[in-house]
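Readers should treat all values here as calculations from the given coordinates under stated rules, not as data from a laboratory. Just so it is clear, the structure is predicted and the values come from calculations on it, not from any experiment. Here the Cβ positions follow ideal geometry from the backbone for every residue, glycine too, while neighbour counts run over all protein chains shown.
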Amino acid sequence: MSSNRLLVIFALIVLIASSINLLIDQDSENSPGLVIGRNDPDMYMRSADITQFNKKGEKQHNILAERLTHFPLTNITTLKSPKMILYPTLKNETPWHISSDHGRQLPSAPVRDEVIELWDSVVATQTNPEGKFISISTESLTVYPAEDYAETTEKVYIEENSGRTTAAGMKAYFDEGRFIFFSNRSERVQTIFLPTFQKRG
């Protein structure tokens, strides 16, 4: 008699435990807040237009994008068809206009400032009022807006009034107007100087 009662009690315990587990599973499925490790976007903008200022209150850069999406887990913002205007530190310098098919924004961290990564059909141009221009084309470019600096390890094509240059990589110090080009085993730095023509008096 006692053994049957123990068997019934044991069966009831198993049944109650199974019901509790079932309710917990159903509640977990219906509660997205309990899901750990997901990186669903928490914010997006269409036709985004964002301006960043430096510590002096001066314009540092402006970003326009067809779509901007922020992911909270990694704190990374993706950019579709971004167009960036980079304002050099020196006020007498004209801004740089940089565009690409894709990009992402990495926030500032203790070891570095904000970083903008651009890729696919990257073009950076600067034209001053006197007509002097420089145009840089590459497949990827990492921009450090606070430092007026950019770099790439992809092949670059540089055109300016005086000629054209191709290289395997580049470091660009925009505020200084200084560029360092790199070569590798398959790609050497090559420059073609265009002839200058002077108007006859």
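Observations on the model:
- Taking 0.36 nm per residue of separation and subtracting the current Cα-Cα distance, fully stretching the chain between Thr74 and Val189 would add 37.6 nm.
- Available extension along the chain between Glu176 and Arg112 is 21.0 nm, counting 0.36 nm per residue and deducting the alpha carbon span.
- Rounded to the nearest whole Hz, the Karplus-based 3J(HN,Hα) values (6.51 cos²θ - 1.76 cosθ + 1.60, θ = phi - 60°) of segment 67-79 follow the sequence 8, 10, 10, 9, 10, x, 5, 9, 6, 10, 10, 8, 10, with x at glycine and proline.
- Amide H partners (placed H, <5 Å) of His102, local residues excluded: Ser81, Trp119
- Distance from segment 129-201 to segment 55-125 (C-alpha centre basis), Å: 19
- A Förster radius of 22 Å, combined with the Cβ-Cβ distance separating Met43 from Thr89, puts the computed FRET efficiency at roughly 0.15.
- FRET efficiency estimate (nearest 0.05) - Cβ-Cβ, Ser81 to Glu159, R0 30 angstrom: 0.85
- Over 24 Å (Cα to Cα) - which of Lys59/Lys80; Lys56/Lys155; Lys132/Lys171 fall in this group: Lys56/Lys155
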